[in-house]
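Working notes for the structure below.
Just so you know, all these numbers are worked out from the coordinates, no wet-lab data involved. Every value quoted in this text rests on a predicted model; they were computed, and no experiment measured them. Cβ coordinates were reconstructed from backbone atoms using ideal geometry, including for glycine residues, and neighbour counts include every protein chain displayed.
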Amino acid sequence: MALPQVKLDATDARLAAMSLPDGGWSDAARKDALARLRAMGLPSGRDEYWKYTKPDTLVQPDAPHAALFDGDTTPVFSDTDRLRIVFVDGVFDADASDDLTMENVSIERLADAPDIHWARDLYGVLEAKGQTPVERPLAALNTAFATDGVLIHVTGPVARPINLVYRHKSEHSDAILHHVVKVDSGAEVTILENGPAAARFNKCMEIDIADGGTLHHVRAQGRDHERRAATAMFARLGAESVFKSFTLTANGVLTRNEMVVELTGDDAVAHVAGACVGDGDFHHDDTVFITHDAVNCESRQVFKKVLRNGATGVFQGKILVKEGAQKTDGYQISQSLLLDDDSQFLAKPELEIYADDVACSHGSTSGAIDEEGLFYLRSRGIEEGVATDLLTIAFLAEAVMEIEDQALQDEINSRVDAWLSRRRG
């Protein structure tokens, strides 16, 4: 079917402003992604999975303006013993990064990888598979045009978290990063991400977890008010593997986080969670698709959004249970706390099940602050603003508790508390 002219024009205009990098070993994958992108076109508001989120600034030829934000606070995860990999406006900064040598893991830049490399079998592969049954054109754009990123191969337990740090130094920067992570059987790693990255940020991460492997992922999308970001994660899980991901988002004009997870081995576990706090001109979209294609697997989706002063939150989550995926345990919850009458929460939860021995559930609610709880706290002498913040943190707790590491839980809670305190003041 031919693309609508408006979509064709938008796609041609965006591609005309870009140059396909000389990919070397990734060249075939890049050209394949470009062909797929041309066939599907860039997203528009007429697309089913974009009807709640206007993608215009994510697809326009020029990056939108985003003023530099004064870094007046300590960056998140600074108190964590970690290995830092720093990108500035989408370019690796060796001077600001730590030595990339660490036991049980190899880390290389996408741009520096030799022609014969393990990532050749993964780059663009999970992204391409994740285009069915829902098209994800911004991810295809990323695979084709990514200019930097890291390739992480985990061969055993990794002692320290790997922290991908994104910094924003240009008011019109347009960053496209692509990371590939391979976790071997029995290996375990924690990956942290934080920072505003660029005026417009398109990031893709492909994750392949072998049988018995474990990956913990914690992300904090930062304080840059004018940031526009589209991220996509594609994860494939082997037997008895574990994948747990949590994202905190505070501020930003537009954030679209997509997560595509496929459980391909028996007894695999995937937990995906997120919390966001937004104020005013804030639009936050979590779009999740989890496929169960093996026996006795568990998935959880837990998303909480706190919105005020006209902010908008979106959740689109689906659990697909394929034929033969018996003993599936799939859980999905999305909830919003609206702190005024001007904010809105738009939810589209979905279940599609082709097996008969499963336990799957989903729910979505939206409401105001708990007046009874607020009255209780006020009656004990707690000022109304503080009481409201306490109830807000309690509301987000179910999502934050999906983080296994208690120190990282505490770090995320402290960031939420700081965000609330600044607005109370």
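Give the aspartates and glutamates reachable from Lys348 as a straight Cα distance under 18 Å; neighbours fewer than 8 places away on the same chain don't count.
Asp47, Glu48, Glu135, Glu258, Asp285, Asp286
What dipole magnitude, in Debye to the nearest 20, does the chain give about its Cα centre under +1 on Lys/Arg Cβ and -1 on Asp/Glu Cβ?
Dipole magnitude for the chain comes out near 920 debye.
Which of Ile207, Ile116 has the fewest other C-beta atoms within 10 Å, and how do the rest follow up to the most?
Ordered from fewest to most neighbouring Cβ atoms within 10 Å, Ile207, Ile116 come out as Ile116, Ile207.
Mind giving me the nanometre distance, one decimal, between the label points for Trp25 and Arg424, set 7 Å out from Cα along Cα→Cβ?
5.2 nm
Please work out which option in (1) 24.8; (2) 20.4; (3) 21.8 gives mean projected area of the Cα convex hull in nm² calculated from these coordinates, and answer with its label.
Matching entry in (1) 24.8; (2) 20.4; (3) 21.8: (2).
Over 19 Å between C-alpha atoms is what I'm after, so list which of Lys129/Lys304; Lys54/Lys304; Lys182/Lys304; Lys51/Lys318; Lys129/Lys318; Lys7/Lys54 land there.
Table pairs above 19 Å Cα-Cα are Lys129/Lys304; Lys54/Lys304; Lys182/Lys304.
Counting only helical runs of four or more DSSP H residues, what would the 222 nm mean residue ellipticity of the chain come to if each run contributes -39,500 (n - 2.57) and the total is spread over all its residues?
About -6500 deg cm²/dmol.
What residue among Gly367, Gly310, Gly23 has the largest mean-square fluctuation in a Gaussian network model of the chain, using Cα springs under 10 Å?
It is Gly367.
How many percent of DSSP beta bridges within the chain run antiparallel, rounded to 5?
5 percent
Would you work out the relative contact order for the range 5-369, in percent, from Cα pairs under 8 angstrom that are 6 or more residues apart?
11 percent
Identify, among Val253, Ile290, Leu307, the residue whose Cα sits farthest towards the positive end of the charge dipole of the chain, taking +1 on the Cβ of Lys and Arg and -1 on the Cβ of Asp and Glu, with the dipole about the Cα centre.
After comparing all options, I get Val253.
Could you state the per residue volume, in Å³, of the convex hull enclosing the Cα atoms of the range 259-410?
119 Å³
Gaussian network model of the chain, Cα springs within a sub-10 Å range: biggest mean-square fluctuation belongs to which of Ala94, Ala159, Ala397?
Greatest mean-square fluctuation among the candidates belongs to Ala94.
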